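Asker: Encoded as C-alpha cells, here's the structure I'll be asking about.
The values are calculated or read from the model by the stated rules, or taken from the named source; none is laboratory data. Keep in mind that what you see is a predicted model, and the values were worked out from it rather than measured. As a convention, Cβ positions derive from the backbone with ideal geometry for all residues, glycine included, and neighbour counts pool all protein chains shown.
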2 protein chains.
Amino acid sequence: MAEAAAVLLRDVTLRDGLQDEDPIPTEQKLVIFEALVAAGVRELELTSFVRPDRVPALADAEAMCAATVGHDIVRWGLVLNQQGASRALDAGLTHLQFVISVSDTHSRENAGRTTADAVEALAEVCQLACPEAQVEVTFATTFGCPYEHRVDPDRVVDLATLAVTAGVSGVNLADTIGTAIPSEVKSLVIRVASEVTPQVGIHLHDTRGLGVANALAALEGGARRLDAAVGGLGGCPFAPGASGNVALEDLAHACEEAGLDTGLSVPAVITAAETACGSVGRTVASHVGVAGPRFTL
Amino acid sequence: MAEAAAVLLRDVTLRDGLQDEDPIPTEQKLVIFEALVAAGVRELELTSFVRPDRVPALADAEAMCAATVGHDIVRWGLVLNQQGASRALDAGLTHLQFVISVSDTHSRENAGRTTADAVEALAEVCQLACPEAQVEVTFATTFGCPYEHRVDPDRVVDLATLAVTAGVSGVNLADTIGTAIPSEVKSLVIRVASEVTPQVGIHLHDTRGLGVANALAALEGGARRLDAAVGGLGGCPFAPGASGNVALEDLAHACEEAGLDTGLSVPAVITAAETACGSVGRTVASHVGVAGPRFTL
C-alpha cells in the first residue's frame, strides 16, 4: 500500500461521472480506470449495483469489478438495497456505499422510498455485508434539496447517528445540487465528526463557484476524504439544477499548491480528464483542466 | 450615503470587464452603469485614462465621467502616469487608481516601463492629485506572473511601503492571471495590513477555480474590499493565460448566503450581468449567473 497522503481524494468519475451519460463500452471505462490509477488515484467509486433500466450507463457493474481485480486500489460500489449489496459482494467488492437522501422528497424522487425506509434498508445492508465488507453512507441533499430547499443540519446529525448505530464505517456529506457554502460545510463537518463519527467525507458540486472553497472548508473542519470527478463530469439525473462534480484536478491542484500532499500528479489527472471527457463526447470543463497548473516553473 | 455594508464589493465591469472587448457605444455603457447602480453597487471602476490606441474600448473616458456625475457612487478611474491623472482630474474624478506590476517583466510588457519607473511615476501622480483626489495603487501580478511565474511576497510588501510613502490611500493586491491560492492570499493580506496599511483590497480572477475561495480567504485576512466584474467579464489583454474576473454575482451570493451584508441584490446583479454580457456579445459565464441563487424559498 502506498504511503498515506495528507489529503485523500476519492475519484467518483466511473460512477457519478458516467451515470447520466450515454453508456460507453466497458473497455473504454477500463481505459479511464487505468488513467486514474496512473494519476495516483488510490480510492475510487467504480460503479453502482442498481437497476440497469434506471441507470443503463452502469449496467456492466459485475464486468467492471472482474476486470479491475488485483490493483492496489480501494474500489467502492454504490448500492441502494440488499439486492444490490448481494450483487456487489458476489462481485468481490469489500467497500459498499449506500445512499440516503436527507430530504424526504428527494428520497422519494431519487430512490422511490422515504428517508425512514432508506434507513431501514441501510440496516439490512449492514447486516448482510458487515464485517466482511464495510458500508459507508452518503447523505444526499445534506446542504440543500431541489424540492425542499433548506435542510436542517440537526436532521443530518440524527440520521448519521442512526447510520452509525446500523453499522456504517463512515458518513459522506453530499452537496447534491451545489448549494453548500463554506461556513455551513465546516460547521457541519465539525458537528458530525465530534458528535457522531470522525470518519466524515464530503462530496461536492461546483454549481455556484464554491466547490473548492467548500472542499477547503471541509478539510479545515476535519473531513477525512473529498470526492471529485475528473473534468467536472457528473451530476444527479434526478436532481433538477444539479451540475457536475467538483473536478479532481481542481481539488488536487488547490491542495498540492497549498502544500497538502494528495499523492496525485496534477498533469496526469488532467490527462485522465481528457480521456474521460473524450469518452463521453464532452470537452474538459474544469478550471485547471482548461487553464493548466498555475506554475510550470 | 447608504449605510456601509459588511463587505465592500467594487465593481470593475466598465473598466477591466470591457477593456479587451470591441468598443461599445457610451450609451450602452451607461445602461450597464444604471444596472449596476440598481443592483446596489456603491463603488466601481468607471474607466481608464490611457492611450485610446492601446485600449480603444475605453476611449470615451471623459464622456463616461461627464454622464455619471451626481450619483451617490464612488467612481474610480485608472491612470498610468501624470498625463492620465490630469485627464482624470479634469474629468472630475476624485478617486484615481494607479497600476504597478510587481513583476518587472510584466511591467515592461504591460506598461512599457520597469517596476521602478512605475513607482517614480506613482509619486508624481500622488503629488499632482493629493490631497484633492485620493490615489490607490493596484499591484498587478502580486500572486504570480505569466513570465516570471512565482512572485516574492517580500517584494509586494516593499513596493507597498514605497507606495504608502508616496501618498497612496490604499493598496489593491491583484491576482492578474489567477494563480493565487487561499493560504497565500490570507497570509499576504495579513502582512500588508499589519506592516504597511490596513487599507488592503484584493482583485481576483477565477482561472483555476479558486476565485471565491481566495476572496473568502482575503476577508479572513482582513481585506477591506473585493473587486469583481459581472458575468466574469474581463481579463488582461497583455497577460497570456489570463481569464475573466471573479464574478460579482458569485462573490455577492457567497457573502450574502454566509450572512455577510454586501448591500447588493443578487438577482439584480445577475440582471446587470445579462445586460453587460449581452452588450459585448457574450453569454453570462459566471456560476451563479448560470445556476441562480442557491435557494429561492
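Asker: Given the criterion outside any loop (DSSP other than H, G, I, E, B), more than 18 Å from A:Val192 (Cβ to Cβ) and modelled with pLDDT of 95 or more, identify the matching residue among A:Val156, A:Val125. Walk me through how you get there before you give the answer.
Answerer: Numbers: A:Val156 fails: more than 18 Å from A:Val192 (Cβ to Cβ).
Answer to the check: A:Val125.
Asker: Quick one: in the range B:67-86, of everything that is farther than 20 Å from B:Pro25 by Cα and among the aliphatic types (A, V, I, L, M), which residue is surrounded by the fewest Cβ atoms within 10 Å (Cβ to Cβ)?
Answerer: If we take residues in the range B:67-86 being farther than 20 Å from B:Pro25 by Cα and among the aliphatic types (A, V, I, L, M), then B:Ile73 is surrounded by the fewest Cβ atoms within 10 Å (Cβ to Cβ).
Asker: Here is a follow-up. Out of curiosity, is A:Ala174 under 15 Å from the mean Cα position of the chain (by Cα) and either modelled with pLDDT under 95 or away from chain B (no Cβ under 14 Å) (or both)? Walk me through it before giving the result.
Answerer: Numbers: under 15 Å from the mean Cα position of the chain (by Cα): yes; either modelled with pLDDT under 95 or away from chain B (no Cβ under 14 Å) (or both): yes.
In short, yes.
Asker: Among the residues in the range B:87-104, are any surrounded by 21 or more Cβ atoms within 10 Å (Cβ to Cβ) and of a type in the set (D, E, K, R)?
Answerer: Just the residues of the range B:87-104 that are surrounded by 21 or more Cβ atoms within 10 Å (Cβ to Cβ), to begin with: B:88, B:93, B:96-103.
Next, from what is left, pick out any that are of a type in the set (D, E, K, R): none.
Within the range B:87-104, none of the residues are surrounded by 21 or more Cβ atoms within 10 Å (Cβ to Cβ) and of a type in the set (D, E, K, R).
Asker: Name the one entry in B:Glu184, B:Glu274 that is of a type in the set (Asp, Glu) and either within 14 Å of chain A (Cβ to nearest Cβ) or over 23 Å from B:Leu36 (Cβ atoms) (or both). Quick ask: steps written out before the conclusion?
Answerer: On the way: B:Glu274 fails: either within 14 Å of chain A (Cβ to nearest Cβ) or over 23 Å from B:Leu36 (Cβ atoms) (or both).
Testing whether each residue is of a type in the set (Asp, Glu) and either within 14 Å of chain A (Cβ to nearest Cβ) or over 23 Å from B:Leu36 (Cβ atoms) (or both) leaves just B:Glu184.
Asker: Right, next: Under the condition of being touching a strand residue (DSSP E or B) at 6+ places or on another chain (Cβ under 6 Å) and surrounded by fewer than 19 Cβ atoms within 10 Å (Cβ to Cβ), which residue from the range A:240-297 is nearest to A:Ile181 (Cα to Cα)?
Answerer: Checked the range A:240-297; the qualifying residue nearest to A:Ile181 (Cα to Cα) is A:Phe295.
Every residue, every condition in (1) of a type in the set (A, V, I, L, M); (2) under 26 Å from A:Ala61 (Cα atoms), yes or no:
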site: A:His106; (1), (2): no, yes
site: A:Ala123; (1), (2): yes, yes
site: A:Cys130; (1), (2): no, yes
site: A:Phe139; (1), (2): no, yes
site: A:Cys145; (1), (2): no, no
site: A:His149; (1), (2): no, no
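Asker: If you don't mind, there's one more thing I want to ask. Counting only residues that are part of a helix (DSSP H, G or I) and among the aliphatic types (A, V, I, L, M), which one in the range A:99-117 is nearest to A:Val171 (Cα to Cα)?
Answerer: Let us first name the residues in the range A:99-117 that are part of a helix (DSSP H, G or I), namely A:104-111, A:115-117.
So of that shortlist, the ones also among the aliphatic types (A, V, I, L, M) come out as A:111, A:116.
On the way: A:Ala111: 19, A:Ala116: 17 Å.
Here the residue is A:Ala116.
Asker: Could you grab me the full set of residues in the range B:190-218 that are more than 8 Å from every other protein chain (Cβ to nearest Cβ) and crowded, with 23+ Cβ neighbours inside 10 Å?
Answerer: B:Val192, B:Val200, B:Ile202, B:His203, B:Leu204, B:His205, B:Asn214, B:Ala215, B:Ala217, B:Ala218
Asker: Report whether or not B:Gly40 is surrounded by fewer than 20 Cβ atoms within 10 Å (Cβ to Cβ), of a type in the set (Gly, Ala, Ser) and either over 22 Å from B:Ala129 (Cα atoms) or under 16 Å from the mean Cα position of the chain (by Cα) (or both). Explain how you work it out, then say what you get.
Answerer: Values: surrounded by fewer than 20 Cβ atoms within 10 Å (Cβ to Cβ): yes; of a type in the set (Gly, Ala, Ser): yes; either over 22 Å from B:Ala129 (Cα atoms) or under 16 Å from the mean Cα position of the chain (by Cα) (or both): yes.
The answer is yes for B:Gly40.
Asker: Under the condition of being of a type in the set (D, E, K, R) and in contact (Cβ under 8 Å) with a residue 12 or more places away in the chain, which residue from the range B:4-28 is nearest to B:Ile202 (Cα to Cα)? Lay out the reasoning, then the answer.
Answerer: Step one: list which residues in the range B:4-28 are of a type in the set (D, E, K, R), which gives B:10-11, B:15-16, B:20-22, B:27.
Among the residues that remain, those that are also in contact (Cβ under 8 Å) with a residue 12 or more places away in the chain are: B:10-11, B:15-16, B:20-22.
Values: B:Arg10: 10, B:Asp11: 12, B:Arg15: 16, B:Asp16: 14, B:Asp20: 21, B:Glu21: 23, B:Asp22: 27 Å.
Step by step, filter the range B:4-28, then rank; the result is B:Arg10.
Asker: Residue check: is A:Arg224 of a type in the set (Lys, Arg), over 17 Å from A:Arg150 (Cα atoms) and modelled with pLDDT under 95? Even if it seems obvious, please write down each step before you answer.
Answerer: Numbers: of a type in the set (Lys, Arg): yes; over 17 Å from A:Arg150 (Cα atoms): yes; modelled with pLDDT under 95: yes.
Spelling it out, A:Arg224 is indeed of a type in the set (Lys, Arg), over 17 Å from A:Arg150 (Cα atoms) and modelled with pLDDT under 95.
A quick yes/no check of all residues on (1) more than 20 Å from the chain's Cα centre (by Cα); (2) touching a residue at least 12 places away in the same chain (Cβ under 8 Å):
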| position | (1), (2) |
| --- | --- |
| B:Val50 | no, yes |
| B:Arg54 | no, no |
| B:Ala66 | yes, yes |
| B:Ala85 | no, yes |
| B:Thr94 | no, yes |
| B:Gln97 | no, yes |
| B:Ala118 | no, yes |
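Asker: Here's another thing I want to ask about it. Just for the range A:152-163: of the residues that are over 16 Å from A:Glu136 (Cβ atoms) and in contact (Cβ under 8 Å) with a residue 12 or more places away in the chain, which one is farthest from the other protein chains (Cβ to nearest Cβ)? Outline the logic, then answer.
Answerer: Of all residues in the range A:152-163, those over 16 Å from A:Glu136 (Cβ atoms) come to A:152-155, A:157-158.
Going one step further and asking which of them are in contact (Cβ under 8 Å) with a residue 12 or more places away in the chain, we end up with A:153, A:155, A:157.
Numbers: A:Pro153: 15, A:Arg155: 16, A:Val157: 21 Å.
Only one residue tops the list, namely A:Val157.
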